[in-house]
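**Q** A single structure is presented below for examination.
The values are calculated or read from the model by the stated rules, or taken from the named source; none is laboratory data. Quick caveat: nothing in here was measured; it's all calculated off a predicted structure. Virtual Cβ from ideal backbone geometry, glycine too; neighbours counted across all protein chains shown. Quick note on the areas: whole protein, heavy atoms, side chains included, nothing else; ligands and nucleic acids left out. Shrake-Rupley method; radii C 1.70, N 1.55, O 1.52, S 1.80 Å.
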Amino acid sequence: MGVGSQDAIKQFQAFIDQVEEPLRTTFQNVHQGYVTETLMRFLKARDWDPSKAYKMLVDCLNWRVQNEIDHILSKPIVPADLYRAVRDSQLIGLSGYSKEGLPVFAIGVGLSTFDKASVHYYVQSHIQINEYRDRIILPSASKKHKRTITTCIKVLDMTGLKLSALNQIKLLTIISSIDDLNYPEKTNTYYIVNAPYIFSACWKVVKPLLQERTRKKIQVLSGCGRDELLNVMDYSSLPHFCKKEGSGSSRHSETGSENCYSLDHPFHQELYNHIKQQARLCEPVEPIKQGSFHVDFPEPPEDEVEIAKTIESELHKFENGNGV
């Protein structure tokens, strides 16, 4: 770390030391004891400008307080059938850990339909996974490996990506904006696998629009990416769609314990049980009520709006060019 970086951290730390309640308490849920690493994440997201990083962090803390994010892990999506429907249509799960101890999250970009519940349930589910990762998964990994682990790896499966993805751009932009503004620099590397031609066409025009630090994190692998990913993780930690020869994946091709998207997978069982347990601790007498946990959607940054419009335009071109 250079002298300039150290000075930026010290300046940022001086700013944040002035923060008062209730922002101070919610900041503890953000940093989980790793204050310097957290300040560095926000500094990276704002090109090491302490003033801009401070504004970003304070905006994040205000968002957390106003939307009661500290309590979202005590707000289960009930009944279980509704949550299963969310899991079947918002494909994400923890498949294992890299050789360096980083959690490996698998995301079924192409096969996610987001059509079984309202947008609020999908946003609630996404934030709950973020918070569980940051408050439970990453601290546990740090303790196990006796070193600070504050980031994860994401493997994005593009199998099944179709022109219907056009209908999901708005929701994906909301989720992406929440991550970029409130959970910056939490992903070490994005591995993209099973990429069809439609992805390649969009990638060519989107790649130049991405910030350099984001571009460096993205690796597009051939086929299911198994051989390349085995350099990073053991076979047991590969997402189920990467364990086959060649490309191709299925939402339900594996049993629940192997398919990390499924509610029956140990990760989702542990997460859901944790949330229900926290709900009972908060309201030991009252029955758990059904209803989504509404969160204010942030205005997406200008660069994300431009990227979303570019993808939409490219998909329209593809649609018209293929006579669909």
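**Q** Pop out the carbon and sulfur fraction of the accessible area of the chain as a percent, whole number, probe 1.4 Å.
**A** Working: 7860 of 15860 Å².
The computed percentage sits at 50.
**Q** Using a 1.4 angstrom probe, figure out how much accessible area the stretch 1-144 has per residue, in square angstrom, rounded to the nearest whole.
**A** Each residue of the stretch 1-144 exposes 42 Å² on average to a 1.4 Å probe.
**Q** So, one more: Test of understanding: extend the Cα→C-beta vector of LEU82 to 7 Å, then name every residue of the stretch 264-278 with backbone N under 18 Å from that spot.
**A** Backbone N within reach: 272-278.
**Q** Right, next: Students often get this wrong: which residues of the stretch 193-213 have the backbone nitrogen under 12 Å from the point 7 angstrom along Cα-to-C-beta of LYS44?
**A** Inside the label zone: 213.
**Q** Right, something else. Determine the percent antiparallel among the DSSP beta bridges restricted to the chain, to the nearest 5. List each step's numbers first, then the result.
**A** Values: 6 of 20 bridges.
Once the DSSP bridges in the chain are tallied, antiparallel ones form about 30 percent.
**Q** Using 7 Å Cα-to-Cβ label points, what is the TYR190/ARG135 separation (nm, one decimal)?
**A** Rounded to a tenth, the inter-label distance reads 2.7 nm.
**Q** Counting pairs of alpha carbon atoms under 8 Å apart in space and at least six apart in sequence, what relative contact order in percent does the chain give? Provide the component values of the computation, followed by the final result.
**A** Working: 439 pairs, mean separation 70.5, N = 324.
Relative contact order for the chain comes out at 22 percent.
**Q** Name the long-range amide H neighbours of GLY93: under 5 Å, sequence gap of 5 or more, or other chain; modelled H, no Pro or chain starts.
**A** ALA106
**Q** Take ASP47, ASP157 and sort them by solvent-accessible surface of the protein heavy atoms, 1.4 Å probe, largest at the top.
**A** Working: ASP47 120, ASP157 0 Å².
The residues order as ASP47, ASP157, largest area first.
**Q** Taking R0 as 51 Å, what FRET efficiency do you get between ALA201 and GLU20 from their Cβ-Cβ distance, rounded to the nearest 0.05?
**A** So the FRET efficiency works out to roughly 0.55.
**Q** Also, I was wondering about something else. Roughly speaking, what is the stretch gain from THR214 to LYS170, that is 0.36 nm per residue apart minus the C-alpha to C-alpha distance, in nm to one decimal?
**A** Numbers: separation 44, 0.36 × 44 = 15.84 nm, distance 2.06 nm.
Taking 0.36 nm per residue and subtracting the Cα distance, the gain is 13.8 nm.
**Q** Grab the beta carbon distance between GLU258 and GLN28, set R0 = 35 Å, and tell me the FRET efficiency rounded to 0.05.
**A** Values: r = 36 Å, r/R0 = 1.04.
For R0 = 35 Å, the calculated efficiency reads 0.45.
**Q** Give the label of the value calculated from the structure for Cα Rg over 2.2 N^0.38 Å, choosing from (1) 1.13; (2) 1.00; (3) 1.06.
**A** Answer label, from the structure shown: (2).
**Q** What is the distance, in nm, between label points placed 7 Å from the Cα along the Cα-to-Cβ direction at LEU281 and at LYS99?
**A** The answer from the label model is 3.7 nm.
**Q** Are there any helices in the chain, counted as whole DSSP H runs, that stretch 18 Å or more along their axis by Cα and score at least 0.5 on average by Kyte-Doolittle, and if so which? Display every interim value, and only then the final one.
**A** Values: long enough: 3-16 (20 Å, 0.24); 50-66 (24 Å, -0.31); 119-132 (20 Å, -0.55); 169-182 (19 Å, 0.91); 266-282 (24 Å, -0.94); 302-321 (28 Å, -0.96).
Both cut-offs are met by 169-182.
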